[in-house]
2 protein chains.
Amino acid sequence: GLFTGGLGMHGGAERLGMAVIPVSGGMTDRQLMILQDFAPEVICCTPSYAQTLAEEMIKRGIDSEALAVKYAVLGAEPWTEAIRQQVEQGLQVNATNIYGLSEIIGPGVSQEDCEEHGTGSNIWEDHFFPEVVDRDTGEPLPEGKDGVLVFTTLTKEAFPMVRYWTNDICSLHYDSDGKRTHIKMSPIKGRADDMLIIRGVNLFASQVEALLEDIPELAPCYQLVVSREGSLDQVTVRVEVEETVQQNWQSLEPNTQKARTEMLANQLSEKIQGNIGLRMPIVIENYGSIPRSQGGKLGRIHDKRNI
Amino acid sequence: GLFTGGLGMHGGAERLGMAVIPVSGGMTDRQLMILQDFAPEVICCTPSYAQTLAEEMIKRGIDSEALAVKYAVLGAEPWTEAIRQQVEQGLQVNATNIYGLSEIIGPGVSQEDCEEHGTGSNIWEDHFFPEVVDRDTGEPLPEGKDGVLVFTTLTKEAFPMVRYWTNDICSLHYDSDGKRTHIKMSPIKGRADDMLIIRGVNLFASQVEALLEDIPELAPCYQLVVSREGSLDQVTVRVEVEETVQQNWQSLEPNTQKARTEMLANQLSEKIQGNIGLRMPIVIENYGSIPRSQGGKLGRIHDKRNI
């Protein structure tokens, strides 16, 4: 789907009377220049990109104390207290979590209070009715129990949702010590499906699988290897050539064979970039080299991250 | 500077009561999918990207007659009647020109009427006072004469501009046969400086030059070669290594030398991508191989396009 994060933040911040600098993602040099020149007090991005900015500032010897930025509103990816510490120290900010889904409203579903770190994010109950349900039975669970987060919209008109199943695993609770009376959701602890979140982009292995069909030389045998380079996630696609293609290739010169492999890899890489919007390194493998079904479970995703 | 095109169009279109799909640039597969699935009636992009879409639709056998899109509002680059024809036939649309500058307001400075193709774009004179002046003397020129377009804002409050020199070369005239009484500007016929417009991004050679300084192995001797691949512009940077670096390299194994060259090229490519936002192929040359000043004129830009 289309990413609603930036536009929602932009509109909301303007409603609050803030001046907004819409910088989009990436282009770290320019981001750092804008942080220095325009002196914003708040930055909004994914937690992993905030880590990247913190690391780059150290590399370039930019003093974070000299920046005006005081708050970081980070979302679109699950993150941990360790990442919060790294970002808060690296950028000299108070970093809070924001949670939202395009299907519900985009940004504006829940927000962590900057004075109540680690106690959960307030869900705006005047607009959304949240439940946490058992992932197998769908029955609502009591406060504090982990299950699938489900939303019903109360005020949305054009596209209301009843019990929208987010597949995010978390728990709900009322925090009597908090400043607000709205219910809080815990950090997201996992997914009830195999969706990956890579640099803020939602990714199912099946999306890559669907693109393989368009390239007849490739077999539908693949694996996504997820790793973390620095603070950014990277997905490498391992994919096999078809058995007949491989047989034909055996009679080719090694250089020609290499060129064919590179051409296939580029073709798939461009398809993925064009459809999913992520650049993924491609490794073309021999037929039969990627693990098949193991006890009924296909190892489509090999997650090497240690977040 | 920051690109104001998309946000301005988005806000303006919503004011008119239109539903807007903000898709950003690139990702042609997804753009075509959205054109088919969401059935927008208007598309807005650069003329060269509209050409790309038209070409890709032919390649993929997508029938443009089956699309709902009827109008293309194209800007941020100079374009010709030949490009208009290609886009209108390829996408089955009525294609008009939009002109704007971030410094004045972004989109909304002038717009061509879809029934008055090729007669110029109406400048909204209730908000902007346009003049065309002699590029040497700065004196205003009469209607129909080519010169530098200059704007004075009449209603802008926070950042008013008096005689803002756009460096765009065109002429102005009142069209008594037109539907509106506002003055019209001709298509942009060139620039009064050496600014290039590459895929909607304004680019001065000096921006690349400034980045060379950060890489001590590179000499400040460079050339930007502008070419057109399909319908998209491409800038290749030819740059020399420093004389001393080259002398040291001569004692290296060819493979090591090649690896060093690639490393330098990647370093510069990433710097350019991070600062300017364009991906440019880099060609590292021997010291002394790029033409020096020729009769006082530095051939920094070699434009091979034939638009």
Is it true that B:ASP233 is in a strand (DSSP E or B), crowded, with 18+ Cβ neighbours inside 10 Å, out of contact with any Asp or Glu (no Cβ under 8 Å at 6 or more places or on another chain) and not assigned by TED's automatic domain parsing to the domain that holds B:ILE276?
-> no
Checking B:SER171 against (1) in contact with a Ser or Thr (Cβ under 6 Å, 6 or more places away or on another chain); (2) under 19 Å from B:PRO47 (Cβ atoms); (3) polar (S, T, N, Q), the condition it does not meet | (2)
Within segment A:236-269, which residues are under 13 Å from A:PRO281 (Cα atoms) and in a strand (DSSP E or B)?
-> A:THR236, A:VAL237, A:ARG238, A:VAL239
Which condition number in (1) under 21 Å from A:SER24 (Cα atoms); (2) in contact with a Cys (Cβ under 6 Å, 6 or more places away or on another chain) is the one that B:PHE3 fails?
-> (2)
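On the given criteria, is B:ARG305 within 14 Å of another protein chain (Cβ to nearest Cβ), surrounded by fewer than 18 Cβ atoms within 10 Å (Cβ to Cβ) and either under 30 Å from B:LEU101 (Cα atoms) or not small (Gly, Ala, Ser) (or both)? Before you say what the answer is, go through the steps one by one.
On the way: within 14 Å of another protein chain (Cβ to nearest Cβ): no; surrounded by fewer than 18 Cβ atoms within 10 Å (Cβ to Cβ): yes; either under 30 Å from B:LEU101 (Cα atoms) or not small (Gly, Ala, Ser) (or both): yes.
In short, no.
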Taking segment B:64-89 and keeping residues more than 19 Å from the chain's Cα centre (by Cα) and under 15 Å from B:GLN31 (Cα atoms) leaves B:SER64, B:LEU67, B:ALA68, B:VAL69
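Every residue, every condition in (1) in contact with a helix residue (DSSP H, G or I) (Cβ under 7 Å, 6 or more places away or on another chain); (2) at pLDDT 95 or above; (3) closer than 17 Å to A:GLN111 by Cβ, yes or no:
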{"site": "A:GLY1", "(1), (2), (3)": "no, no, no"}
{"site": "A:VAL23", "(1), (2), (3)": "yes, no, no"}
{"site": "A:ALA50", "(1), (2), (3)": "yes, no, yes"}
{"site": "A:LYS59", "(1), (2), (3)": "no, no, no"}
{"site": "A:LYS70", "(1), (2), (3)": "no, yes, yes"}
{"site": "A:GLY75", "(1), (2), (3)": "no, no, yes"}
{"site": "A:PRO78", "(1), (2), (3)": "no, no, yes"}
{"site": "A:ILE83", "(1), (2), (3)": "yes, no, no"}
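Condition check ((1) under 28 Å from A:VAL42 (Cβ atoms); (2) modelled with pLDDT under 95) across all residues:
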site	(1), (2)
A:ILE98	yes, no
A:HIS117	yes, yes
A:ILE123	yes, no
A:PHE128	yes, no
A:VAL133	no, no
A:GLU139	no, no
A:GLU143	no, no
A:THR153	yes, no
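Could you count how many residues in segment B:97-111 are free of Cβ contacts under 8 Å to residues at least 40 places away in the same chain and over 16 Å from B:ALA13 (Cα atoms)? Can you show your working first?
Taking segment B:97-111 and keeping what is free of Cβ contacts under 8 Å to residues at least 40 places away in the same chain, we get B:111.
Then keep just the ones that are over 16 Å from B:ALA13 (Cα atoms); that gives none.
Total satisfying the criteria: 0.
Of the residues A:VAL109, A:VAL133, A:VAL93, only one is of a type in the set (A, V, I, L, M, F, W, C) and over 22 Å from the mean Cα position of the chain (by Cα); which?
The unique qualifying residue is A:VAL133.
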For residues that are in contact with a strand residue (DSSP E or B) (Cβ under 8 Å, 6 or more places away or on another chain) and in contact (Cβ under 8 Å) with a residue 40 or more places away in the chain, scanning just segment B:247-281, find the one that is farthest from the other protein chains (Cβ to nearest Cβ).
-> B:LEU264
In segment A:201-237, which residues are within 30 Å of A:ALA50 (Cβ to Cβ) and of a type in the set (A, V, I, L, M)?
-> A:VAL201, A:LEU203, A:ALA205, A:VAL208, A:LEU224, A:VAL225, A:VAL226, A:LEU232, A:VAL235, A:VAL237
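Filtering segment B:32-41 down to residues that are surrounded by 17 or more Cβ atoms within 10 Å (Cβ to Cβ) and within 13 Å of another protein chain (Cβ to nearest Cβ), which residue is modelled with the lowest pLDDT? Explain how you work it out, then say what you get.
In the first step, residues of segment B:32-41 are kept if they are surrounded by 17 or more Cβ atoms within 10 Å (Cβ to Cβ); the result is B:32, B:35, B:40.
Now narrow it down to the ones that are within 13 Å of another protein chain (Cβ to nearest Cβ): B:32, B:40.
Numbers: B:LEU32: 92, B:PRO40: 97.
In this case the residue turns out to be B:LEU32.
So that you can scan it fast, the table gives a plain yes or no per residue for (1) more than 29 Å from B:ARG279 (Cβ to Cβ); (2) crowded, with 20+ Cβ neighbours inside 10 Å; (3) within 14 Å of another protein chain (Cβ to nearest Cβ); (4) polar (S, T, N, Q):
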{"site": "A:GLU14", "(1), (2), (3), (4)": "yes, no, yes, no"}
{"site": "A:ARG30", "(1), (2), (3), (4)": "no, no, yes, no"}
{"site": "A:LEU53", "(1), (2), (3), (4)": "no, yes, yes, no"}
{"site": "A:ILE58", "(1), (2), (3), (4)": "no, no, no, no"}
{"site": "A:TYR71", "(1), (2), (3), (4)": "yes, no, no, no"}
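The values are calculated or read from the model by the stated rules, or taken from the named source; none is laboratory data. Computed from a predicted model, the values in this text were never measured in an experiment. Counting neighbours? That spans all protein chains shown, and the Cβs are built from the backbone with ideal geometry, glycine included.
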